[in-house]
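What follows is one structure encoded as structure tokens, with my remarks underneath.
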Amino acid sequence: KVTQLAQWIKESKHFVAFTGAGISTSAGIPDFRSGVNTVLKTGPGAWEKAATGKSIKPKIKVAMSQAVPTLTHMALCQLEKEGYLKFLISQNVDGLHRKSGFPDDKMAELHGNTNLEICRKKSCGRQYMRDFRVRNAQKVHNHETGRKCESCGGMLYDTIINFKENLPEKPLTDGFANSEKSDLCIVLGSSLRVTPAAD
């Protein structure tokens, strides 16, 4: 199977990868859907624990801001550097793809990035990658971080997408455009159950 996969990657003209929370469990970040009997050190997924009402303490749990990219993140980065991987679509907010060195112009972070805050002024649009979690709002749909843009003085906002919020237009459009062009798409660490990302 590995030989076949390598052949498909070599022969592809527009290879796209789609990633979910499962690729970050080895970095110590829990996922959402792993079952109660999982062998993962991060323990059952958040939704599994909620559904079963079981509180199982994980053997390992790392804060997103402290997590480092895994072998999977680094392999995807290397595939891009060597010209095979043309675009990366991710549901993850942990920022590990950017930490791995994956170019942000070849990636769509559909659900945002916990370390990224942006200026929403159309005349500015500056982005700030931080080494800390930028979201600090108490209300779910309040995205102001309380910091100001160094360029224009406008209010900065976190980029996290919560349930019932629309996905950001550019990452979604880029994701669909690259998916339509792809002749090979590899899905890693996602159950493909959350739409519209799964689409």
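What the table below lists for this structure:
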{"quantity": "Surface accessible to a 1.4 Å probe, L71 within the full protein complex, Å²", "calculated": "150 Å²"}
{"quantity": "Estimated vicinal HN-Hα couplings, Hz - segment 13-20 in sequence order (Karplus 6.51, -1.76, 1.60; Gly, Pro = x)", "calculated": "9, 9, 7, 10, 10, 10, 10, x"}
{"quantity": "In nm, spacing of pseudo-spin labels at Q127 and E165 (7 Å Cα→C-beta vector)", "calculated": "1.6 nm"}
{"quantity": "DSSP bridge orientation in segment 57-158 - percent antiparallel, rounded to nearest 5", "calculated": "75 percent"}
{"quantity": "Contour minus Cα-Cα distance for K106 and M74 (0.36 nm per residue)", "calculated": "10.0 nm"}
{"quantity": "Residue-by-residue Karplus 3J(HN,Hα) for segment 80-97, coefficients 6.51, -1.76, 1.60, Hz, glycine and proline x", "calculated": "5, 4, 7, x, 7, 7, 8, 7, 10, 10, 9, 8, 7, 10, 6, x, 5, 5"}
{"quantity": "Reciprocal of mean inverse Cα separation for segment 106-199 (Kirkwood radius, Å)", "calculated": "14.8 Å"}
{"quantity": "Area of R147 that stays accessible when all protein chains are in place (1.4 Å probe, Å², to 10)", "calculated": "70 Å²"}
{"quantity": "Nearest-0.05 FRET efficiency for H14 and N142, computed from C-beta distance (R0 45 Å)", "calculated": "0.70"}
{"quantity": "Interchain or long-range residues, amide H under 5 Å from L85's placed H", "calculated": "E80"}
{"quantity": "Full-extension gain in nm, L188 to Q7, via 0.36 nm per residue minus C-alpha separation", "calculated": "63.4 nm"}
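The values are calculated or read from the model by the stated rules, or taken from the named source; none is laboratory data. Note that the structure is a prediction, hence the values are computed from the model and not measured. Cβ coordinates were reconstructed from backbone atoms using ideal geometry, including for glycine residues, and neighbour counts include every protein chain displayed. Heads up: the accessible areas ignore ligands, DNA and RNA and are worked out on the full protein's heavy atoms, side chains in. Shrake-Rupley method; radii C 1.70, N 1.55, O 1.52, S 1.80 Å.
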